[in-house]
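What follows is a single structure, written as structure tokens, with notes after it.
The values are calculated or read from the model by the stated rules, or taken from the named source; none is laboratory data. Given the structure is predicted, the values throughout are model-derived calculations rather than measurements. Positions of Cβ are backbone-derived with ideal geometry, glycine not excepted, and every protein chain shown enters the neighbour counts.
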Amino acid sequence: MKKRKALVITTAILALAGCSTFEAGPVGNRAVPEPAKAVEVDRYLGRWYELARYEAGFQKDCEGVTADYSLTAPGRIKVINTCLQGSLQGKSKQANGKAKVVEGSQNAKLRVSFFGPFYGDYWVLDHAEDYSWSIVGEPSGRYLWLLHRQPYPGAATLNRMKARAAELGYDVGLLRITQQPAS
């Protein structure tokens, strides 16, 4: 039991240490771009389908990924992330979190928590004027998500989103395409 407790504590310490480092990520040594435009929170709410992402341990082997955002209070957002583990036929897993808008960010920067008092950055780096797509990252450059309101918006749309992410300085060769179930 003591070994297990020590392992849990060590894992938590290492996870926190990883959250606090800001080493250069896939955008290289250049700074991660600031969000391109303001976000109207009410228009950003709702369901998003993940089209592509930088692979991260907490999303390992996830397919059919969706993110649902709903307002709980001014500047406070409920977050429900869902994935199908391993394949489109895999078991559905859900992570419930909360987010708060960063003051002075024109609603384009959020602090999101899925684990108690520990928050991570979530920056809406760019989005379509009609809120049909969104490119999301954070200051370290280690994470990147391409989101859309439809699970299959077409290759041309995905290619335009990848091109925009490349303009922002991201290595789009590192993107992992997310499979979505047929509608």
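Observations on the structure shown:
- Exactly one residue out of Gly120, Gly104, Gly141, Gly86 is on the phi > 0 side of the Ramachandran plot and within 13 Å of the chain's Cα centre (by Cα), and it is Gly141.
- Within segment 39-52, being in contact with a Phe, Trp or Tyr (Cβ under 7 Å, 6 or more places away or on another chain) and either loosely packed, with under 13 Cβ neighbours inside 10 Å or under 13 Å from Cys83 (Cα atoms) (or both) holds for Arg43, Gly46, Glu50.
- In segment 43-69, the residues that are more than 21 Å from Asn159 (Cβ to Cβ), modelled with pLDDT under 95 and under 12 Å from the mean Cα position of the chain (by Cα): Ala56, Phe58, Gln59
- Output for segment 53-68, where each listed residue is surrounded by 18 or more Cβ atoms within 10 Å (Cβ to Cβ) and under 18 Å from Asp121 (Cα atoms): Arg53, Tyr54, Gln59, Ala67
- Unmet requirement for Pro35, which otherwise passes all of (1) loosely packed, with under 13 Cβ neighbours inside 10 Å; (2) assigned to a loop (DSSP other than H, G, I, E, B); (3) in contact (Cβ under 8 Å) with a residue 12 or more places away in the chain: (1)
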